[in-house]
Amino acid sequence: MTAPVRVWARVLETRKASGDTFWIEVDCPSIAEQARPGQFVMLGTGLSDVAAPLLPRPFSIGAREADGRLGFLLRVFGAGTQRLSAVVPGDDLLVLGPLGRPFTLSPDRPIVCLAGGVGLAPFLFVGAEAKRDARDVRIVYGERTADRVFDPELIRRITGVEPDLRTEDGSLGRRGLVIDDLDLDDRPQLLACGPDPMLRACADLARRHDLPLQVSVEEHMGCGVGTCQGCVVLSSEGEWIKSCTEGPVFDARELAWRT
């Protein structure tokens with residue numbers, strides 16, 4: 001895997017995709033040509049805006065286009081993401097990447113992506129790449145309520161996949177969780193990204209059905225390159241490992257699923 005690069009990237013497109021969620025595209029060919037599904041970048045404003053929080057934020061790569069565009073799904077959680085959500089075409093962002101371990105897709109199984117909340121982001125990239133390779137891929141995407149759902153039409157545009165939408169209150173799509181009532185008869189490879197309780201449930205599902213599962217963890221990252229050690233997760237061997245460099249994608253059997 002080639003070394004990450006740090007570049008200034010011009011913002012090409014921004015759009016609001018739900019109440020507090022945005023889609024941002026930047027011109028970044030030097031990173032786009034290396035990027036693989038499941039990897040992420042650190043995204044920030046550098047020192048160009050001293051009013052903004054100085055630390056960059058990690059974002060899964062949500063799309064890679066042949067013209068060098070990269071797309072990111074951004075949900076506002078605090079001051080840093082609030083500032084990034086306000087960028088407009090023509091602004092420049094500082095991008096470091098691609099970072100982390102990507103998904104390894106099985107050559108002989110269909111793919112089922114289980115996405116909770118902003119855990120949808122890497123599966124936009126997975127879905128688009130799989131469809132380009134004529135792979136069988138399904139995206140099961142869950143949110144708590146309809147107002148949180150990332151624009152389904154934009155999902156279809158990016159991936160070419162019709163998402164299986166779930167909301168916990170039934171306000172859009174099917175009522176329930178992403179692991180409910182799944183058709184697993186074709187023995188798919190499972191990929192999951194979302195909050196830790198969801199990932200634990202996915203790991204249990206994979207064990208019960210004897211299916212391969214890779215998870216992308218959502219740990220807080222300060223640096224993205226293994227220096228700050230703020231994103232460690234507990235391995236099944238009882239060791240603390242860095243999700244930014246040894247992940248964020250892991251075989252589910254590599255991690256300790258604490259209850």
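In this structure, residue 178 does not qualify as under 19 Å from residue 69 (Cα atoms) and not in a helix (DSSP H, G or I). In summary, residue 117 fulfils each of the numbered conditions (1) assigned by TED's automatic domain parsing to the domain that holds residue 35; (2) buried (at least 17 other Cβ atoms within 10 Å of the Cβ); (3) on the phi > 0 side of the Ramachandran plot with the single exception of condition (1). Looking across segment 53-65 at every residue that is of a type in the set (A, V, I, L, M, F, W, C) and more than 19 Å from residue 122 (Cβ to Cβ), the one that is nearest to the chain's Cα centre (by Cα) is identified as 55.
Listed residues 165, 184, 190; which is more than 28 Å from residue 16 (Cα to Cα) and assigned to a strand (DSSP E or B)? Full working, then the answer.
Working: 165 fails: more than 28 Å from residue 16 (Cα to Cα); 184 fails: assigned to a strand (DSSP E or B).
Answer to the check: 190.
If I filter segment 200-208 for residues that are hydrophobic (A, V, I, L, M, F, W, C), modelled with pLDDT of 95 or more, part of a strand (DSSP E or B) and within 21 Å of residue 110 (Cβ to Cβ), do I get at least one hit? Within segment 200-208 (the criterion being hydrophobic (A, V, I, L, M, F, W, C), modelled with pLDDT of 95 or more, part of a strand (DSSP E or B) and within 21 Å of residue 110 (Cβ to Cβ)), the answer is no, since none of the residues qualifies.
The residues listed here are 159, 167; of these, the one that is of a type in the set (S, T, N, Q), within 25 Å of residue 248 (Cβ to Cβ), touching a Lys or Arg at 6+ places or on another chain (Cβ under 9 Å) and surrounded by 14 or more Cβ atoms within 10 Å (Cβ to Cβ) is 159.
To keep it simple, each residue is scored yes or no on (1) of a type outside the set (Lys, Arg); (2) farther than 26 Å from residue 36 by Cα; (3) touching a residue at least 40 places away in the same chain (Cβ under 8 Å).
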site: 154; (1), (2), (3): yes, no, yes
site: 169; (1), (2), (3): yes, yes, no
site: 183; (1), (2), (3): yes, yes, no
site: 193; (1), (2), (3): yes, no, yes
site: 202; (1), (2), (3): yes, no, yes
site: 212; (1), (2), (3): yes, no, yes
site: 234; (1), (2), (3): yes, no, no
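The values are calculated or read from the model by the stated rules, or taken from the named source; none is laboratory data. Note that the structure is predicted; figures quoted are calculated from it, not measured. When we count neighbours, we look across all protein chains shown, and the Cβ atoms used for this are built from the backbone with ideal geometry, even at glycine.
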